[in-house]
Structures are given as structure tokens and as C-alpha cells.
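J.: I'd like to ask some things about the structure below.
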Amino acid sequence: SDAALRRVAELGQGWFGYNLTPDVLAAKLLRLDETLAKAGRKRSDVQVFASPHGRVDAETLARFAELGVDQTILPIFARDAEALERRADALAKQTLK
């Protein structure tokens with residue numbers, strides 16, 4: 001929200017955008033940059049964390065990096081440790097090409 005971006009610009013050390021496509025992320029980051037500038041700051045003053053929406057692939061991760069995301073956070077849900085390991089392995093194969 002705009003209120004969250006204002007809080008980041010005025011007080012924050014970072015911003016975490018959740019469930020974003022690269023295009024939505026790009027728009028949010030432009031707004032963040034504008035808000036930071038109004039507060040006399042720049043993007044390098046904060047860390048940007050983001051979690052992509054939907055299926056994640058190498059192209060999505062590359063686009064997030066191009067947009068300046070410091071850390072991409074990939075949610076992995078599972079009922080037990082074995083399922084978590086299987087899902088993490090599948091995600092690694094899908095994204096680390």
C-alpha cells in the first residue's frame with residue numbers, strides 16, 4: 001500500500017513485497033523510489049525483498065534481480081520434512097537452469 005511505502009521511506013530499512021509478478025513489482029518499485037526521494041532517501045538506503053506470484057521459473061528470478069530485488073523469497077509449503085525436501089528439490093530444478 002502507499003501507506004506502507006511511506007513508512008519504509010520515512011523509517012524503514014527494507015520493504016517486502018509479497019505475491020508479485022515482475023510487472024507489478026516494477027510498478028511498486030517505481031512508487032517506492034518516488035516515495036523514498038520525497039523523504040530524501042534512495043533505494044540503496046533500504047533492502048528490497050520480494051516473493052513472486054504463481055509458478056516460479058528462472059526467468060522470473062532473473063527479472064526480479066534486474067529490478068533490483070536484494071533477496072527473492074520463495075514460499076514452499078509442505079505437510080512434513082520429506083515433502084518439503086521434494087518440493088525444494090523440484091523448485092531448485094525449475095529455477096536453477
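The values are calculated or read from the model by the stated rules, or taken from the named source; none is laboratory data. Predicted model only: the values in this text are computed from it and were never measured. Cβ: placed from backbone, ideal geometry, glycine included. Neighbour counts: every protein chain shown. Areas reflect the complete protein model, heavy atoms only, side chains present, ligands, DNA and RNA absent. Shrake-Rupley method; radii C 1.70, N 1.55, O 1.52, S 1.80 Å.
J.: Of all trypsin sites (Lys or Arg not before Pro) in the stretch 1-92, which ones are in loop regions per DSSP and have a Cβ with at most 13 other Cβ atoms within 10 Å? Don't skip to the end; give the middle numbers.
T.: Details: sites: Arg6, Arg7, Lys28, Arg31, Lys38, Arg41, Lys42, Arg43, Arg55, Arg63, Arg79, Arg86, Arg87; in loops: Arg41, Lys42, Arg55, Arg79.
Qualifying residues, ordered by number: Lys42, Arg55, Arg79.
J.: Okay, moving on. Between 0 and 90 degrees, rounded to the nearest ten: what's the tilt of helix 81-95 against the longest Cα principal axis of the chain?
T.: Once rounded, one gets 70 degrees.
J.: Let me ask you something else. Using θ = phi - 60° and the Karplus form 6.51 cos²θ - 1.76 cosθ + 1.60, what ³J(HN,Hα) does each residue of the stretch 34-40 get, whole Hz, x for Gly and Pro?
T.: For the stretch 34-40, the Karplus curve yields 4, 5, 4, 4, 5, 8, x Hz.
J.: Leaving out ligands and nucleic acids, note down the accessible area per residue over the chain with a 1.4 angstrom probe, in whole Å².
T.: Details: 6550 Å² over 97 residues.
Per-residue value: 67 Å².
J.: Treating the beta-carbon of each Lys and Arg as +1 and of each Asp and Glu as -1, no other charges, what is the dipole magnitude of the stretch 16-97 about its Cα centre, to the nearest 20 debye?
T.: Values: 13 positive and 12 negative charges, 40 e Å.
Dipole size: approximately 200 debye.
J.: Another question, then. Once every DSSP H run of n ≥ 4 in the chain is given -39500 (n - 2.57) and the sum is divided by its residues, what mean residue ellipticity at 222 nm do you get, rounded to the nearest 500 deg cm²/dmol? Mind showing how you got there, number by number?
T.: Values: 4 runs with 51 residues, N = 97.
So the helix-based figure for the chain works out to -16500 deg cm²/dmol.
J.: Over the stretch 30-69, what percent of the accessible surface lies on carbon and sulfur atoms, probe 1.4 Å?
T.: Here it works out to 50 percent.
J.: If one takes the longest principal axis of the Cα atoms in the chain, at what angle in degrees, from 0 to 90 and to the nearest 10, does the Cα axis of helix 2-11 lie?
T.: 70
J.: Between Arg7 and Glu34, what is 0.36 nm times their sequence separation minus the Cα-Cα distance? Round to one decimal in nm.
T.: Length difference between fully extended and current span is 8.4 nm.
J.: Compare the Cα positions of Leu84, Leu61, Leu32 along the charge dipole of the chain (+1 at Cβ of Lys, Arg; -1 at Cβ of Asp, Glu; about the Cα centre) and return the one farthest towards the positive end.
T.: It is Leu32, whose Cα lies furthest towards the positive end.
J.: Could you list which residues have their amide H under 5 Å from that of Leu20, counting only those 5 or more apart in sequence or on another chain, with H placed in the peptide plane?
T.: Answer set, sorted by chain and number: Ser51, His53.
J.: Give me, ordered by chain and number, the residues 5 or more places off Gln47 or on other chains with an amide H under 5 Å from its own placed amide H.
T.: Here Gly14, Trp15 satisfy the definition.
J.: Loop-only chymotrypsin sites (Phe, Trp or Tyr not before Pro) in the stretch 1-88, please: DSSP not H, G, I, E or B, and at most 13 other Cβ atoms within 10 Å.
T.: On the way: sites: Trp15, Phe16, Tyr18, Phe49, Phe64, Phe77; in loops: Phe77.
Counting only loop positions with at most 13 other Cβ atoms within 10 Å, the chymotrypsin sites (Phe, Trp or Tyr not before Pro) in the stretch 1-88 are Phe77.
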